[in-house]
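Every read-out reported here was derived from the displayed coordinates using simple, explicitly stated rules and does not represent laboratory data. Small disclaimer: the values here were computed from a predicted structure and weren't measured. Glycine also receives a Cβ, built like all others from the backbone with ideal geometry; neighbour counts cover every protein chain displayed.
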Amino acid sequence: MLKIKYFRFVVLFFAMLTLGFRAAASEDEGKIDAGNLIIGHITDSYSWHICSIGEKHISIPLPVILIHDGNFDVFMSSKFHHGHESYKGYKIVGGGTSKERIVCVDEQDNVILDSEGKAVSPIDLSMTKTAASIILSTILLIVIFMSVRKSCLKNVGKAPKGMQSLIEILVLFIKEQVVLPIMGEKRTNKYLPYILTLFFFIFFCNIMGLIPFFPGGVNVTGNICVTAVLAIITFLITTFSGNKHYWKDIFNTPGVPWWLKWGLPIMPIVEFVGMLTKPFVLCVRLFANMTAGHIVVLGFITLIFIFGNMSPMAGYGVSIVSIIFSVFISALECLVCFIQAYVFAMLTTLYIGMATEEHEHHEVEKSVE
């Protein structure tokens, strides 16, 4: 019975995904633009698209907040009518294979250009689909952890069950297998809350991104801005937590000949650049892995409709292969969701641990002299 339930879930999962693509494909007489559909699913937008039925689009409008020429304008994205109309001198451009953005237009809906020929854009503080998904994911995480906390207080001395058992396993895994071996007990108590927050946020956003229907389906960690902010926070914590030994290892590396430190300062430059590339590695690794997985799954699904437009029999034949590969990649992505959250948390722990580690180099320096 359990296997049948899992099978039904998989069928429902891909039925919802293919339904969305089928609805999108029907917009243009059965033709499908694979590039536009895939990029449209993984990029950000000013509304949360649910599905399309014929020419009718079902989506959730989001607040648009703009500042331009001293004017502060707030309205819902539905005023743009899915990018087909302008409102209050603003219009959405892009979409498809390019990112959506808001530009200023004149009374004839012509884009206003500056002296360099570039489109004039207002200061954009709007809530996009990614921002809305982050807020929703955060609220769900808070609800889950408050529920788990309540269960822990209620079942003191008893074996955990349900969601509590899952959360406890993950918390103990990150603490005992990641943070404690690298930082030791003293620093673990200080930095564990941040590492756990980072891990669960990334893991939950990754899982939500695999759900093909609302409130999931948003590629949060596939947005370079989100991963960049997470990496910058880690960089700031590492930089301001670094002790004198950390900075000494960067600008006066022990065990290195003096002429590589002062005569020809190669090592300080290499160490300093390495310090700056650490957040870049965190940012790009998470972004690239999550985006690639989504593109591969969506690519297999679009093959069904591409071949289906050529011949119905070809569409049915390819659909079998596409769904099999999509199930395999989706199962692999479930594993990747955990691995990427784990790797981000582990590298963050390693960077902070290296910056706060207490050690002496007197004997090394003395032996070099």
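Below, the figures for the structure above:
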quantity: When each of K99/K278; K248/K278; K99/K175 is checked by Cα-Cα distance, pairs over 29 Å; calculated: K99/K175
quantity: Point-to-point label distance, F213-L236, nm (Cα→Cβ direction, 7 Å offset); calculated: 4.0
quantity: Neighbourhood net charge (14 Å Cβ-Cβ; Lys/Arg +1, Asp/Glu -1) for N71; calculated: -2
quantity: Sum of side-chain charges, I339 neighbourhood, beta-carbon under 14 Å (Lys, Arg +1; Asp, Glu -1); calculated: 0
quantity: Residue order, fewest to most beta carbons within 10 Å, for S47, S151, S78; calculated: S78, S151, S47
quantity: Ranked list, fewest to most other Cβ atoms within 10 Å of each Cβ, for D69, D124; calculated: D69, D124
quantity: Radius 15 Å from Cβ of N155, net charge of other residues (Lys, Arg +1; Asp, Glu -1); calculated: +4
